[in-house]
1. About its Cα centre, how strong a charge dipole does segment 17-67 have in debye, to the nearest 20, once Lys and Arg get +1 and Asp and Glu get -1 at the Cβ?
2. Give the percent of DSSP beta bridges with both residues in segment 35-106 that are antiparallel, rounded to the nearest 5.
3. Using each residue's phi in segment 92-105, evaluate 6.51 cos²θ - 1.76 cosθ + 1.60 at θ = phi - 60° and report the 3J(HN,Hα) Karplus result to the nearest Hz, with x for Gly and Pro.
4. Which whole-Hz couplings ³J(HN,Hα) result when phi for each residue of segment 70-78 is put into the Karplus expression 6.51 cos²θ - 1.76 cosθ + 1.60, θ = phi - 60°, listed in order with x for Gly and Pro?
5. Under 5 Å between amide hydrogens, which residues at least 5 positions from residue 82 or on another chain qualify, with H placed 1.01 Å from N in the peptide plane?
6. Want the number for residue 72 to residue 100: 0.36 nm per residue separation, take away the alpha-carbon distance, what's left?
Amino acid sequence: MAWFRRRRVPGQSAGRPVDRADLEHLAEFVRSRRGVEAFIEPRTTVTETTVLLVAHDGEWTRRRTESPEIARRWAHGLSVPIYDVKLLGYPQRMRDYNERQKRRPA
């Protein structure tokens, strides 16, 4: 079966490489909002490693990253605190924001 013949080079992302537009989107989110914190979401069988950014009011965005180490370097370069979502979980303000968005009239 073709599925089993696919092999990755160690250190290479399974999906497409991270796009500069993704990094610029994250940087713009940090520049345009207050109190942004970053959370590393681990790779799963379905998704690559991602960086989740959450602003002070709970607004959030996420984009893929190549590895947790690269995400940490990126966040430190922008002076954004970064946490591991496996250790801390998702912030309550993000859940509250999602709930407010559901109740908002269309």
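Derivation of every value follows stated rules applied to the coordinates shown; laboratory data play no part. None of the values given here were measured: they were computed from a predicted structure. When we count neighbours, we look across all protein chains shown, and the Cβ atoms used for this are built from the backbone with ideal geometry, even at glycine.
1. Values: 8 positive and 10 negative charges, 10 e Å.
The dipole magnitude comes to about 40 debye.
2. Working: 10 of 13 bridges.
In segment 35-106, DSSP labels about 75 percent of beta bridges as antiparallel.
3. Running phi through 6.51 cos²θ - 1.76 cosθ + 1.60 with θ = phi - 60° gives 4, 4, 5, 5, 5, 4, 4, 5, 4, 5, 5, 7, 5, x Hz.
4. With coefficients 6.51, -1.76 and 1.60, one gets 5, 4, 5, 4, 4, 5, 5, x, 9 Hz.
5. Excluding prolines and chain starts, which carry no amide H, the hits are 38.
6. Working: separation 28, 0.36 × 28 = 10.08 nm, distance 2.99 nm.
That works out to 7.1 nm of additional length.
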